[in-house]
Amino acid sequence: MLKVGLTGGIGSGKSAVSAELAAYGAVVIDADAIAREVVEPGTPGLAAVVAEFGEEVLTPEGRLDRPGLGEIVFADEERLARLNAIVHPLVGERSARLMEEAVASGTRVVVYDVPLLVENDLGPLYDVVVVVDAPDEVRVERVAVNRDMPREQVRARIRAQADRETRLAAADLVVDNSGTREELRERVAELWRELLERAGQRPRTSDDSGE
């Protein structure tokens, strides 16, 4: 089984690449989804976040106000570190269980979709590190338009993550997402062929179907 670490900064298009790989048949373990899961209402994770940051990080319905919390922590490295110290171990435990299930199922390619792979020096955990890349200002515009987020807030989040050069230096494979969605699909198709080769599994072609 090939264990793939997939990463990219905010607005890079990592989630789009992850979805394409899942469509090809990869098992995808989404760290962002797990990070939301471990702070759902009633969880020890949410209780720990509230104990650290106060009731003001909750919505009126008792859920975590993620945008509000983001404004707090992405402007303060120390508070971001305290949040990460709460959430990251919980995400790690849940991810490890999902990885064990994938291994038991006989899956050939498992993609671990993790935004902070480089920041947390997690590369050695994977057989291949894939970085989804786009210029910073392209990422700023994407997030501003698609998420209706102020551009300076997007830039603050970019500054809180590893810079582009550091992330690219950690990559075994790079997916360029500076162009169109169709161009991205073509690049992901190339990536999938490469991952299957590394996993020792030949990509399926029309000749294999007997047609």
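The values are calculated or read from the model by the stated rules, or taken from the named source; none is laboratory data. These numbers were taken from a predicted model, which means no experiment stands behind them. These area figures cover heavy atoms from the full protein model, side chains too; ligands, DNA and RNA do not enter into them. Shrake-Rupley method; radii C 1.70, N 1.55, O 1.52, S 1.80 Å.
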**Message:** Between the stretch 87-116 and the stretch 1-68, how far is it from one alpha carbon centroid to the other, in angstrom?
**Reply:** 13 Å
**Prompt:** Which residues' amide hydrogens lie under 5 Å from the amide hydrogen of Leu2, considering only partners 5 or more residues apart or on another chain, with H built in the peptide plane?
**Reply:** Val109, Val110
**Complete:** For the chain, the longest principal axis of the Cα atoms and the Cα long axis of helix 151-160 enclose an angle in degrees, to the nearest 10, of 80 degrees
**Prompt:** Based on DSSP, what percent of beta bridges with both residues in the chain are antiparallel, to the nearest 5?
**Reply:** 5 percent
**Request:** Please list the non-local residues whose amide H lies under 5 Å from the amide H of Asp76, H modeled 1.01 Å from N, same-chain partners needing a gap of 5 or more.
**Result:** none
**Request:** Return one number: the angle in degrees, 0 to 90 and rounded to the nearest 10, between the long axis of the Cα atoms of helix 136-146 and the longest principal axis of the Cα atoms of the chain.
**Result:** 70 degrees
**Request:** May I ask you to give the average projected area over all directions of the convex hull of the Cα atoms of the stretch 35-106, in nm² rounded to one decimal?
**Result:** 5.4 nm²
**Residue-normalised accessible area of the stretch 35-106, expressed per residue, 1.4 Å probe, Å²** = 59 Å²
**Message:** Taking 0.36 nm per residue of sequence separation and subtracting the Cα-Cα distance, how much length would be gained by fully extending the chain between Arg108 and Glu71, in nm to one decimal?
**Reply:** 9.4 nm
**Fill in**
Cα extents of the chain along the principal axes, largest first, in whole Å, come to 61, 39, 31
**Asked** Could you give the length gained on full extension between Asn146 and Leu168, defined as 0.36 nm per residue of separation minus the Cα-Cα distance, in nm?
**Response** 5.5 nm
**Request:** May I ask you to give the percent of accessible area on the stretch 35-106 that is carbon plus sulfur, with a probe radius of 1.4 Å?
**Result:** 54 percent
**Asked** Nearest 10 degrees, 0 to 90: what angle lies between the long axis of helix 77-105 and the longest principal axis of the chain (Cα atoms)?
**Response** 30 degrees
